[in-house]
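Rule-based calculations on the coordinates, nothing more; no lab input. Computed from a prediction, not measured in an experiment: that's the story for all the values here. FYI the Cβ positions are ideal-geometry reconstructions off the backbone, even for glycines, and counts take in every protein chain you see.
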Amino acid sequence: MSLAGFSLVGCVTAVFAQSTDGFDPQAIEARADEFQQDAQALFDYVTSHSEEHQEEAQTVVQEGYASIEGLDVSDIAGGDGPFDFDEMVAGAKAGMANPEGAPLFIAFASLSMPEEALAKMIEDTTKAGGVVVFRGFSAGNPQAFITGIRFQREQLDRASTFADVWGRSIWQNPDLDYTLERPVGTLAKQTWLADRRDQREGSMDALTQRYGIFYFYSASCSACRTFSPVMRALSDNYGLEVLAVSMDGGPNDLFPNYVIDSGQYQRMGLQGGTVPAIVLFDTQTKQPIPIGYGVMAADEVMQRIFYLTQIEPGSDY
């Protein structure tokens, strides 16, 4: 053996001796055995007592269910507020009775809902895994539910009877039939509108002999630029005299004979300076009749003129 070999053996012996001075490997192995025994003992305990603890846990759950079942909410506000605690507790009881099949959500409904809408709501809610709670329906008292449905049916029957008697009375008493004055049926309404249009067209010739229009505008007003061609067409088609009055002094290409406002706006009974605005002026009575403000179609302008000059208030209704 070489000198180096003796040196290596000496180092190992020295390290081993130094290691044994700090700890005892046999003691460590002994403690490891003890830990293994403790772990095995814990495992055996849990295994042997699992059923016992499971029974204890189930007992706690059952006691919780019993507490819910016996919960008294008589001192809690009922359905007048945003939450109906009676219904919430009733839903909780239903869920606790079958925890595995508890609803995913609760939908609150009222017996005053239309029958078709209520049926659809119940169907959709049930399919989605929820339950429907009727407001005012006491838990465990189906008689109140039945009474509510019966009351609703009675009201529907009364309403149906009223509608039936109403219709029969109208058919047999034309003086009670409003639709004879203002039809609502498609065919009758078309006829009425055609007659009214003929009346309006026929009256325009006489109107142009008596009435003129003040048309107030501003050159900087985009609505006025849209409305000016409408007024120009009415003037050309019916011979209606239109005097354009500029509120800001700007010109109007469609009404080159415009005038600048010098108080006409207020004298015509208008306020606020809103444009466009049109006023019908009666040359016989010298009275202005404001027609309206803003952009209007030609047919709307004619209808307003016809109503304001030919139809007595309320006679069409």
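Extension gain, Glu181 to Asp299: 0.36 nm times the residue separation minus the Cα-Cα distance gives 40.3 nm. Using the Cβ-Cβ distance between Tyr238 and Ser169 with R0 set to 41 Å, the FRET efficiency from 1/(1 + (r/R0)^6) comes to roughly 0.40.
Residues whose amide H comes within less than 5 Å of that of Gly212, counting only those at least five positions distant or on another chain, are Phe281, Thr283 (H built at 1.01 Å from N in the peptide plane).
Residue exposure proxy: Met296, Met247, ordered by other Cβ atoms within 10 angstrom of their Cβ from fewest to most, comes out as Met296, Met247. Extension gain for the segment Val259 to Ile149, taken as residue separation times 0.36 nm less the Cα-Cα distance, is 32.4 nm to one decimal.
Would you work out if the stretch 186-310 is rounded, prolate or oblate? Take a ≥ b ≥ c from the square roots of the eigenvalues of the alpha-carbon gyration tensor; rounded if a/c is under 1.5, else prolate when a/b is larger than b/c, oblate otherwise. Working shown, then result.
On the way: a/c = 2.03, a/b = 1.67, b/c = 1.22.
Taking the square roots of the gyration eigenvalues as a ≥ b ≥ c, the stretch 186-310 is prolate.
Can you bin the stretch 227-299 into rounded, prolate or oblate? Criterion: square roots of the alpha carbon gyration tensor eigenvalues sorted a ≥ b ≥ c, rounded for a/c under 1.5, prolate for a/b above b/c, oblate for the rest. Rounded shape, in that the Cα axes give a/c under 1.5. The Ser112 and Ala219 beta-carbon pair, evaluated with R₀ = 41 Å, returns a calculated FRET efficiency of approximately 0.10.
Is the shape of the stretch 138-243 rounded, prolate or oblate, going by the alpha carbon gyration tensor and its root eigenvalues a ≥ b ≥ c, with a/c under 1.5 for rounded and a/b larger than b/c for prolate?
It is oblate, given that a/c is not under 1.5 and a/b is not larger than b/c.
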